[in-house]
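Below: one structure, written as structure tokens.
The values are calculated or read from the model by the stated rules, or taken from the named source; none is laboratory data. Small disclaimer: the values here were computed from a predicted structure and weren't measured. Positions of Cβ are backbone-derived with ideal geometry, glycine not excepted, and every protein chain shown enters the neighbour counts. Accessible surface is based on the protein model in full, side chains and every heavy atom, while ligands, DNA and RNA are left aside. Shrake-Rupley method; radii C 1.70, N 1.55, O 1.52, S 1.80 Å.
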Amino acid sequence: MGVYLNRNFLLSYVASFVSLFGSKLLMISYVAFVYGETGSATLASAVFAADWIANLFIGLLVTRSVDRADARRLLVLLNVVAAAVTLLFLAALSPRMFPLAVGVVFARALLGSAVNAARVKALVQFFDEEQTDTYSTVFNSSLFLAIAAAGAVGSFILRFVDLRTVVLLDVATFLLSALLFALVRPNRQRIEAARRESAGARESVVANLRSAAAVIARSPVISSAVFYIVLAVTALQATYEVLITAVPELWFGMASSGMAVFFTAEWLAVFAGVFVYQYLSRRGMVPEHLQGRLTVALVGFAALMYAVLPLARGSLGPALAVFVLLVFAGEIVWAHQYKRLIAHSPDSRVSSVVGLLTAVYYSLMALSGFAFSFGMDTIGVEWAIGIDVTVIVLLVAGWEYAALRRRQRIGAGSPGPGLPRAGALPARPLVSVTAPAEGRPAKEETA
């Protein structure tokens, strides 16, 4: 654990977690409030949708600027502005002010998405390359841990305090986060290297998006990572986040206390998934040639757990056990693929690549979450889960079949040893994502 005692890592990780926790605490508390007042999963999911879809605009329009910005200054500024915007929520606390509340959620989500883009850039401005490889998975796990922790608290906290107190707590977390980010010492050598790499490049928004898309399309490793990240956060995360806002009451009659239990289980599963993956990865215990198969196996296992979840509706213990296994498997898939994405993306375009990915998956999260909620309200939880599992199986089968055909074509027409493939991106030196950063030669990861 000593590797995680790095000053910059601790400051930035705690700052990220605090900011995200406060933000998600308010959103999930408000979702619980709306669901309790209306009993509609569809209406409650509109709050999630407003939060998720805002990321489309940031991911498409702003990340080119983030790639050229000072991440520390940007993170401080954005958190201070987010604190000011959050105060507007005080005027939207009654049910009749729901449209205004959704508008504030959307504005906060725009700022939050910009913060996440800056946090990605911070990975290459706060650390050297070995540290980036080591910290990327854990650093960005703060988002999922914050969501789960906020869910556990947010679904229960309204019994003891009013929504106004939650709003003020959120404001305080943004200000604390700004203070912590201000104390970080950036890696100046890494910043200057990235600036030299992008010197003279002044692309339009469209050209920047094309460049980011080209980085994804030309690399089988990055394109595979993008596919499985999108799958993990849409067909898995978006749907089970919606599910646990309603299932505790529908299946067990537990209302907010049941939501707290399920969100706590999610937090534990996410925490375990991140650190189990880090333990295996840093010790080289994930064989390079088996990574693709292991990813498919984990997704298949998560889908199986999802499929059997309705069978446990009569007993809370088995339902929680199945849910934990589902989240655990999905989190390992996300952790591995995100680490591959960061490791293989050029430093000067990392925010643009992740921003494009974020725009895609948050938009699809909003759609899949809303569709799943509508299915729960109309055809029932079991049928909604069944359709979701079917979609997962079909998407993975189609992707892996297409990837196999692509490898066969490359193998049939590949150039001789030492010759680059036409259109391939030049590789930068990488630390292996499956081996310890210290004392091991870097090697390129296969698709």
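Probe of 1.4 angstrom, ligands and nucleic acids ignored: what's the accessible area per residue over the stretch 314-361, in square angstrom?
In whole numbers, the stretch 314-361 has 22 Å² accessible per residue.
Please find the FRET efficiency linking ALA321 to VAL80, where r is the Cβ-Cβ separation and R0 is fixed at 41 Å, and quote it to the nearest 0.05.
Working: r = 43 Å, r/R0 = 1.04.
Calculated transfer efficiency: 0.45.
Quick check: pseudo-label points 7 Å beyond the Cα along Cα→Cβ at ARG405 and ALA213, how many nm apart are they?
Those two pseudo-labels are separated by 2.1 nm.
What nm distance separates the two modelled labels at VAL14 and LEU280, each placed 7 Å from Cα along Cα→Cβ?
3.1 nm
Label the stretch 233-336 by shape, choosing from rounded, prolate and oblate, from the square roots a ≥ b ≥ c of the eigenvalues of the Cα gyration tensor; if a/c is under 1.5 it is rounded, and otherwise prolate applies when a/b is larger than b/c, oblate when it is not. Could you put the intermediate results ahead of the total?
Details: a/c = 2.65, a/b = 2.04, b/c = 1.30.
Verdict is prolate for the stretch 233-336.
Simple spin-label model, 7 Å along Cα-to-Cβ: ALA297 to GLU192 in nm?
Once both label points are built, they end up 4.7 nm from each other.
Just to confirm the filter: which trypsin sites (Lys or Arg not before Pro) across the stretch 202-235 are DSSP coil and have at most 16 other Cβ within 10 angstrom of their Cβ?
Within the stretch 202-235, the qualifying trypsin sites (Lys or Arg not before Pro) (loop, at most 16 other Cβ atoms within 10 Å) are ARG202.
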